[in-house]
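One structure is given below, encoded as structure tokens.
Every read-out reported here was derived from the displayed coordinates using simple, explicitly stated rules and does not represent laboratory data. In this text the structure is predicted, and so the values were computed from the model without any measurement. Neighbour counts run over all protein chains shown; Cβ positions are idealised from the backbone, glycine included.
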Amino acid sequence: MNPKNIRNFSIIAHIDHGKSTLADRMLELTHTIEKRKMMDQVLDNMELEREKGITIKMRPVRMFFKHRNEDYLLNLIDTPGHIDFSYEVSRALKAVEGCLLLVDATQGIQAQTLTVLDAAKKAHLNIIPVITKIDSPIARIEDIKSEISNVLNIDPSEILEVSGKTGEGVQKLLERIIEQIPAPKNLLLGEDSEKLQALVFDFQFTNHKGVIVFVRVMSGEVKKGDKLMFSVSKEQFEALEVGIFAPEEQPVDKLTEGQIGYIVTGIKQPGVASVGDTIVNIKNPAEGLSGYVEPKPVVWASVFPSDADDFKNLELALKKLRLSDSAFTFEEESSGSLGRGFRCGFLGLLHLEIITERLKREFNLNLVIATPSITYEIVFKTGKTETIYSPSLFPDEHLIESIKEPWVKVTIICPEKYTGAVYQLFYDHEAELHDSETFADGRNSLTLSMPLRELMRNFFDELKSISSGFASLSYEFEGLRDADVCRMDILVADEPIVAFASVIAKRRVEEDANKAVDKLHLVLPRQMFSTKIQARAMGRIIASRSISAMKKDVTQHMYGGDITRKMKLREKQKKGKKKMKAIGSVNIPQDVFLKMMKRDSN
Ligand SMILES: Nc1nc2c(ncn2[C@@H]2O[C@H](COP(=O)(O)OP(=O)(O)OP(=O)(O)O)[C@@H](O)[C@H]2O)c(=O)[nH]1
Ligand SMILES: [Mg+2]
């Protein structure tokens, strides 16, 4: 296909604004998917995506469309809206020339709308503003059009109206895409313009085919059997298959300039393919393209196999997951009492939940997951500086000279009537308000700074709940600032449990200690002996509770009979209990770790 008849675009929006549903209508209208195979949000095919009703991974799909008697090839990339997956969005945007900025007519511009718009502008993309869900009885079409026209500095008449539910306006939108979004351009000059340059924007792994890279061909072409090379990692391979997304993988003879598709590399070892690398032809290699900014993990959590024998299996599982999710990182780590495990970095708490869920489901692993934490930069009295990723490694007070922690810049959009309550939240979470603006419909857009630690301390859930779900939030890193924090250990039967250690604000030591002890008291099963649960911070015990012993009388099964034998047995039981207490062998089942890891839903 001649590049001038190709259009590559992405759909970007705040979470739940209807991206995947709009994609459904486009797939139908272009006859890409047969009617009988159609279902809601057909591109969300991962089990967890369907269960949670959200998009987690970006999905490219190819469509054909006729306009003014010419055939066009359209490549659409559906992106996730949740902030934890914005790295997916940034990668998708590198593979396209334009994007649809979708705004829900019942919700208006939300915090993440502004973030994705910013990303699209930075990528110099052509932006088509679209308002969707116009079928809804609570749609506020005119209001929201004026909001969008203000933000984008355009005339309201340029904003398209569609419904992903009824399909209204979708035909017109496809026509607009062809007219407005530029055809792919080859940036190489002269003879070079024939050379293969394929940008890797995502990849997948299957046991059978190895690494499958998702590429955007910037110039040249690639076909089965070609001898290829990764420009950065220098790894060479043969293209075992090339194909397009229809939306399932469908082999084709070749991928040509401007197209989006996949290449099966057969590479089985991890770490070779990386997102942002360029694939070139060995015979006549072109220059590599500039890559992506590496994603920066936001939260860290140590993950250990419940059964030490599963260490190798866990390692293999992490490596495989990493081959389909380039945004998470892991590194081996060894912790005295929990044995060997991995320190993993995630882009947020939802990302962490998704990965741990996949480890359990897809790899059948029983895991111990430590309390998630952000990083702290610590200057020791000795002058040494260290970044601490795991609360259990957070040093004792007397060794520390100073501590720095990451701060984030947060944007919140919320209806005016909740603004007062939102300000109260700022106070509880150490936030500093910088700026506030008012939209035409009376909603406020607030800009503030706060410690990342406080953002992770349930801020978003609290914001949602005090605003009856109407407030939205987005954030980005700002820099490091001094922190007034300390480590809190949780002791069970006088023994600190490494996985339960956390780093907390000193000003909330009492509150957090009591909360942690109460929570564990609730979820820890009774033991054979009475068990003390304590929280210790800054060198003293701050909170304490006991769980009474399981009342199990070893003489229960004996009817009548010899009293001395009964007494003997009871004596033995007492001794046994004493012994267990001494070595502190408390039985903590896996679900207790998971329950402790999950945020409180208060
Ligand atoms: N009434 C109405 N509802 C819609 C429309 N489009 C989507 N929805 C509903 O909005 C919800 C979210 O739709 P999705 O298409 O999953 O939204 P999304 O933007 O892909 O969500 P993420 O990918 O998770 O960010 C679903 O319940 C849809 O049924 C529309 O045009 N009209
Ligand atoms: Mg979606």
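Observations
- Folded to 0 to 90 degrees: helix 311-322 orientation relative to the chain principal axis, Cα: 30
- Debye log10 I(q)/I(0) at q = 0.05, 0.09, 0.11 Å⁻¹ for the chain, Cα point scatterers: -0.28, -0.82, -1.12
- P(r) weight above 18 Å for the range 49-154, C-alpha pairs, percent: 56
- Percent of Cα pairs in the range 126-210 per distance bin of 10 Å, from zero to the largest separation: 13, 29, 22, 22, 13, 2.
- Integer Hz, Karplus 6.51/-1.76/1.60 couplings in order for the range 160-174, x for Gly and Pro: 7, 10, 9, 10, x, 7, 9, x, 4, x, 6, 4, 5, 5, 4
- Inter-part distance, the range 118-173 to the range 198-237, computed on C-alpha centroids, equals 36 Å.
- Calculated from backbone phi, Karplus (6.51, -1.76, 1.60) coupling profile of the range 263-268 in Hz, x at Gly/Pro: 10, 8, 9, x, 5, 9
- Neighbour-limited loop hits for chymotrypsin sites (Phe, Trp or Tyr not before Pro), the range 377-440 (at most 11 other Cβ within 10 Å; DSSP other than H, G, I, E, B): none
- Selection from Ile177, Phe65, Ala119, by position along the positive dipole direction of the range 34-192 (Cβ): Phe65
- Global geometry of the range 415-470, whether rounded, prolate or oblate, following the gyration tensor of its Cα atoms and the 1.5 cut on a/c: oblate
- Proximity of backbone amide H atoms, modeled 1.01 Å from N, is registered between Lys209 and no other residue at under 5 Å, excluding neighbours fewer than 5 places apart on the same chain.
- Model label points for Ser544 and Glu432, set 7 angstrom from Cα along the Cα-to-Cβ axis, are 4.1 nm apart.
- Charged-residue dipole, Cβ positions (Lys, Arg, Asp, Glu), the range 272-389 about Cα centre, Debye nearest 20: 40
- Sorting Asp192, Asp428, Asp226, Asp78 from the fewest to the most surrounding beta carbons within 10 angstrom yields Asp428, Asp192, Asp226, Asp78.
- Dividing the summed helix terms, -39500 (n - 2.57) for each DSSP H run of n ≥ 4, by the number of residues in the chain produces a 222 nm estimate of -7500 deg cm²/dmol to the nearest 500.
- Cβ-placed point charges (K, R +1; D, E -1), dipole of the range 345-464 about Cα centre in debye, nearest 20: 360
- Average projection area in nm² (convex hull over Cα atoms of the range 2-87, one quarter of hull surface): 6.3
- Too-long pairs where the Cα-Cα distance tops 25 Å, listed order kept, from Lys296/Lys515; Lys381/Lys595; Lys19/Lys122; Lys57/Lys122: Lys296/Lys515; Lys381/Lys595
- Environment charge of Val379, counting only residues whose C-beta is closer than 11 Å and scoring Lys/Arg +1, Asp/Glu -1: -1
- The distance between label points at Glu194 and Lys4 comes to 2.1 nm (points 7 Å beyond Cα on the Cα→Cβ vector).
- Tail fraction, Cα-Cα pairs, the range 157-307, threshold 22 Å, whole percent: 51
- Each residue of the range 178-184 was assigned a 3J(HN,Hα) from its phi angle through the Karplus curve 6.51 cos²θ - 1.76 cosθ + 1.60 (θ = phi - 60°); the sequence is 5, 6, 9, 7, x, 5, x Hz, with glycine and proline shown as x.
- With only the Cα atoms considered, the range 65-122 has a convex hull volume of 110 Å³ per residue.
- The trypsin sites (Lys or Arg not before Pro) of the range 184-245 that meet both conditions, a loop assignment by DSSP and at most 13 other Cβ atoms within 10 Å of the site Cβ, are Lys185, Lys234.
- Assigned charges on the beta-carbon of Lys, Arg, Asp, Glu; the chain dipole about Cα centre (debye): 3080
- Zone of Asn69's modelled label, taken as backbone nitrogen in the range 140-179 under 20 Å from a point 7 Å along Cα→Cβ: 175-176, 178-179
- The residue among Met450, Thr356, Leu433 whose Cα reaches farthest toward the positive pole of the charge dipole of the range 348-461, with charges on the beta-carbon of Lys, Arg, Asp and Glu, is Thr356.
- Global size of the range 444-542 as Cα Rg and Dmax, reported in angstrom: 17.1, 56
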